[in-house]
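Worksheet: one structure, shown below.
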Amino acid sequence: MIKLIASDLDGTLLQDGAQQLSPRSINLIHQLVQKGICFVAASGRQYDNEIRVFEQIKDEISYIAENGSVCVHNGKVISRSVIDPELAERIVSEIKKNPDFEIVISREDSCFIENNDPAFVNHIVNVMKNTTQIVDDIRTVGGPILKIAICNMNDGPHIIDKYLKHLQNIFGAEIKVVTSGNIWIDFIAPGTNKGTALEKLIQKLNIKPEECMAFGDQYNDVEMLQFVGTSYAMSNAAPGISYYSTYVTDSVDEVLEDLLAAL
């Protein structure tokens, strides 16, 4: 029996760039929670942002934010991971050599960006509605740093794979470097991912991995998909993601409806 469902947001529960949950999704999640199933939003997004996305049912669910760097249950942080300050400094310095990418530094209180690209600033502040601070020089932001993310708003899908390999060659032995959507690359604290955060959560809830279901579409979802008993890759997922999942689906909502019908 499924006791917990974890879902990625962008490209999974939120399709085609959507920034709000559909009424259908909200209703399905609410019904599942009412039947005793725990629902976990598991995203690379910041915790504040996830809260806004799930505003109508925000107190009914749990959260894995910043790709596993923070896990929150019943409003309390149950796990947290940070990036070594010296490593963070080297990462930012390397990225600064490439003018094609904008940088986001995430702390628990806010994310930090520079005011270089108006489209990028608008996306973070007005589209995603992140809790954001704009700084003159991202290198001046102090820790503790949960995650570093970089983005190319213009031609990201065409150049991101090559730059990802470059960054993995430099930093891969020290930190996880992974795609998070078509235009994002994330640096996640060593030993940290959505799967490890989910493991800590289910230990607290006394739930077994085989009693969990998960949905994802990118390489930052792989550990979570592998950890649970039943997993779904989205049909439009990044190449190879379906290899790590039990099934493939076009719609999270459709799977949730089938699950509810079987309860």
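The values are calculated or read from the model by the stated rules, or taken from the named source; none is laboratory data. What you see is a predicted model; the values in this text were computed from it and never measured. Reconstructed Cβ throughout: ideal geometry from the backbone, glycine too, with neighbour counts over all protein chains shown.
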Determine whether GLU257 is in contact with a Gly (Cβ under 7 Å, 6 or more places away or on another chain) and in a helix (DSSP H, G or I).
-> no
Being out of contact with any strand residue (DSSP E or B) (no Cβ under 7 Å at 6 or more places or on another chain), surrounded by fewer than 21 Cβ atoms within 10 Å (Cβ to Cβ), hydrophobic (A, V, I, L, M, F, W, C) and closer than 26 Å to VAL72 by Cα narrows LEU256, LEU205, LEU260 down to just LEU260
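For segment 16-36, give me each residue that is without any contact (Cβ under 8 Å) to a residue 40 or more places away in the chain and either part of a helix (DSSP H, G or I) or surrounded by 16 or more Cβ atoms within 10 Å (Cβ to Cβ) (or both). Don't jump to the end; show me each part of the working.
Pass one, segment 16-36, residues without any contact (Cβ under 8 Å) to a residue 40 or more places away in the chain: 16-18, 20-21, 23, 26-27, 30, 33-34, 36.
Selection gives LEU21, PRO23, ILE26, ASN27, HIS30, VAL33, GLN34.
Out of curiosity, is SER110 crowded, with 22+ Cβ neighbours inside 10 Å, of a type in the set (Ser, Thr, Tyr) and at pLDDT below 95? Don't jump to the end; show me each part of the working.
Values: crowded, with 22+ Cβ neighbours inside 10 Å: no; of a type in the set (Ser, Thr, Tyr): yes; at pLDDT below 95: yes.
When the stated conditions are applied, SER110 does not pass them.
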Just to be sure, is GLY44 modelled with pLDDT under 95, closer than 24 Å to ASN67 by Cβ, touching a helix residue (DSSP H, G or I) at 6+ places or on another chain (Cβ under 6 Å) and not in a helix (DSSP H, G or I)?
-> yes
Taking TYR219 as the residue in question, decide whether it is over 16 Å from the mean Cα position of the chain (by Cα), surrounded by 15 or more Cβ atoms within 10 Å (Cβ to Cβ) and among the aromatic types (Phe, Trp, Tyr).
-> no
Starting from segment 50-70, keep only residues that are touching a residue at least 40 places away in the same chain (Cβ under 8 Å), then list their pairs with residues that are assigned to a helix (DSSP H, G or I) and small (Gly, Ala, Ser) whose Cβ atoms are within a distance under 7 Å, requiring at least 6 positions of separation or different chains.
-> ILE64/ALA197; GLY68/ALA197
Subset tally (residues that are assigned to a loop (DSSP other than H, G, I, E, B) and surrounded by fewer than 24 Cβ atoms within 10 Å (Cβ to Cβ)) for segment 47-75 = 7
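So how many residues does segment 231-248 have that are in contact (Cβ under 8 Å) with a residue 24 or more places away in the chain and surrounded by 19 or more Cβ atoms within 10 Å (Cβ to Cβ)?
5
Could you tell me how many of the residues in segment 121-163 are of a type outside the set (D, E, K, R) and closer than 23 Å to ILE51 by Cα? Break it down into steps so the answer makes sense when it comes.
Going through segment 121-163, the residues of a type outside the set (D, E, K, R) turn out to be 121-128, 130-135, 138, 140-146, 148-154, 156-160, 163.
Remaining after also requiring closer than 23 Å to ILE51 by Cα: 121-128, 130-134, 143-146, 148-151.
Matching residues across segment 121-163 total 21.
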Looking at (1) crowded, with 19+ Cβ neighbours inside 10 Å; (2) closer than 30 Å to GLU102 by Cβ, can you tell me which one CYS212 breaks?
-> (2)
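Within the group ASN152, ASN126, ASN98, which residue is surrounded by fewer than 21 Cβ atoms within 10 Å (Cβ to Cβ) and free of Cβ contacts under 8 Å to residues at least 60 places away in the same chain?
Values: ASN152 fails: surrounded by fewer than 21 Cβ atoms within 10 Å (Cβ to Cβ); ASN98 fails: free of Cβ contacts under 8 Å to residues at least 60 places away in the same chain.
Of ASN152, ASN126, ASN98, the one residue that is surrounded by fewer than 21 Cβ atoms within 10 Å (Cβ to Cβ) and free of Cβ contacts under 8 Å to residues at least 60 places away in the same chain is ASN126.
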